[in-house]
Amino acid sequence: MFILVNLKAYPCDPIEVAAAARDVAAASGVRIAVSPQAADIARVADTGVETWAQHVGPNGVGSHTGSTLAEPVADAGAAGTLINHSERRLRLADIDGAVRAAERAGLATCVCANNPAQIGAAAALGPDSVAVEPPELIGGDVSVATADPGIVEDAVAAAADVDESVEVYCGAGISSGADVETAGELGASGILLASGVAKADDPRAALEALVEPL
Ligand SMILES: O=C[C@H](O)COP(=O)(O)O
């Protein structure tokens, strides 16, 4: 099981979370990555934790003010990137372009989507992974794996119908080891979570609790 901790724009200390994630991953053997703000990628990567960007765009070098290019993200130490997160939606052509740009830069890709139909479309673009997240459950206290287990199972089936090599993650409201375990039983090979760690009083304890049953 892969645990991807998205720090969004929460006012946590990215280095504290990164160091905790690095240590918990090493102690547990569970793959854990941290996805900080773009400006923090290099500092977070320097801790040794697997580091992901929250977004890259489709552009290459040129006159694209405000762009996040894949190459400098990779150069800063990122190993992968989210694309089309629910809070950073892109047009279809730009999702495709961002996947291609990330591939050229050597970044692993995870395309986010709202529902199984979108997961099938996302998988058709050839990313390494897709993540299903019902927007109404993001940031809440109830895990997608509990509130809507069918959406996870249907997303796994939708991706497999298109390309069995695409990994399927799920996210929204996941905060406990039991949530992670249930997501795995539903067929997800990874989880995407944010508030359960980034807003925790003790992020290290929150991470330890997540991996405890694995
Ligand atoms: O990127 C993470 C997801 O949007 C889930 O966020 P959450 O764990 O706060 O529900």
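The values are calculated or read from the model by the stated rules, or taken from the named source; none is laboratory data. Fair warning: this is a prediction, and the values are worked out from it, not measured in the lab. So basically every Cβ, Gly included, is an ideal-geometry build from the backbone, and we count neighbours across all protein chains shown.
Would you mind finding the one in GLY196, GLY139, GLY120 that is of a type outside the set (Asp, Glu), within 16 Å of the ligand (Cβ to nearest atom) and on the phi < 0 side of the Ramachandran plot?
Values: GLY139 fails: on the phi < 0 side of the Ramachandran plot; GLY120 fails: within 16 Å of the ligand (Cβ to nearest atom).
Sole residue among the options that is of a type outside the set (Asp, Glu), within 16 Å of the ligand (Cβ to nearest atom) and on the phi < 0 side of the Ramachandran plot: GLY196.
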Item to complete: Would you check which residues across the stretch 162-190 are more than 11 Å from SER143 (Cα to Cα), touching a strand residue (DSSP E or B) at 6+ places or on another chain (Cβ under 7 Å) and not in a loop (DSSP other than H, G, I, E, B) and list them?
Response: GLU167, VAL168, TYR169, GLY190
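Which of the residues belonging to the stretch 131-154 are out of contact with any Cys (no Cβ under 7 Å at 6 or more places or on another chain) and not in a loop (DSSP other than H, G, I, E, B)?
PRO135, GLU136, LEU137, THR146, ALA147, PRO149, GLY150, ILE151, GLU153, ASP154
Just the residues that are under 16 Å from the mean Cα position of the chain (by Cα) and crowded, with 21+ Cβ neighbours inside 10 Å, please, taken from the stretch 157-174.
Restricting attention to the stretch 157-174, the residues satisfying the condition of being under 16 Å from the mean Cα position of the chain (by Cα) are 166-174.
Once the filter is applied, which keeps residues that are under 16 Å from the mean Cα position of the chain (by Cα) and crowded, with 21+ Cβ neighbours inside 10 Å, the stretch 157-174 yields VAL166, VAL168, TYR169, CYS170, GLY171, ALA172, GLY173, ILE174.
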Worksheet entry | Unique residue being among the small types (Gly, Ala, Ser), within 26 Å of GLY139 (Cβ to Cβ) and at pLDDT 95 or above when the list is ALA102, ALA70, ALA26 | ALA102
Worksheet item: Which residues, counting only those in the stretch 2-32, are away from the ligand (no atom under 14 Å from the Cβ) and among the charged types (D, E, K, R)?
Response: ASP13, GLU16, ARG22, ASP23, ARG31
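Can you name every residue in the stretch 123-144 that is surrounded by fewer than 19 Cβ atoms within 10 Å (Cβ to Cβ) and touching a strand residue (DSSP E or B) at 6+ places or on another chain (Cβ under 7 Å)? Outline the logic, then answer.
Of the stretch 123-144, the ones surrounded by fewer than 19 Cβ atoms within 10 Å (Cβ to Cβ) are 124, 126, 128, 135-136, 139-142.
Once the filter is applied, which keeps residues that are surrounded by fewer than 19 Cβ atoms within 10 Å (Cβ to Cβ) and touching a strand residue (DSSP E or B) at 6+ places or on another chain (Cβ under 7 Å), the stretch 123-144 yields only ASP128.
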Discussion item. Just to be sure before I move on: is ALA113 touching a residue at least 24 places away in the same chain (Cβ under 8 Å), over 17 Å from VAL5 (Cβ atoms) and away from the ligand (no atom under 16 Å from the Cβ) in the structure I sent?
Written reply: no
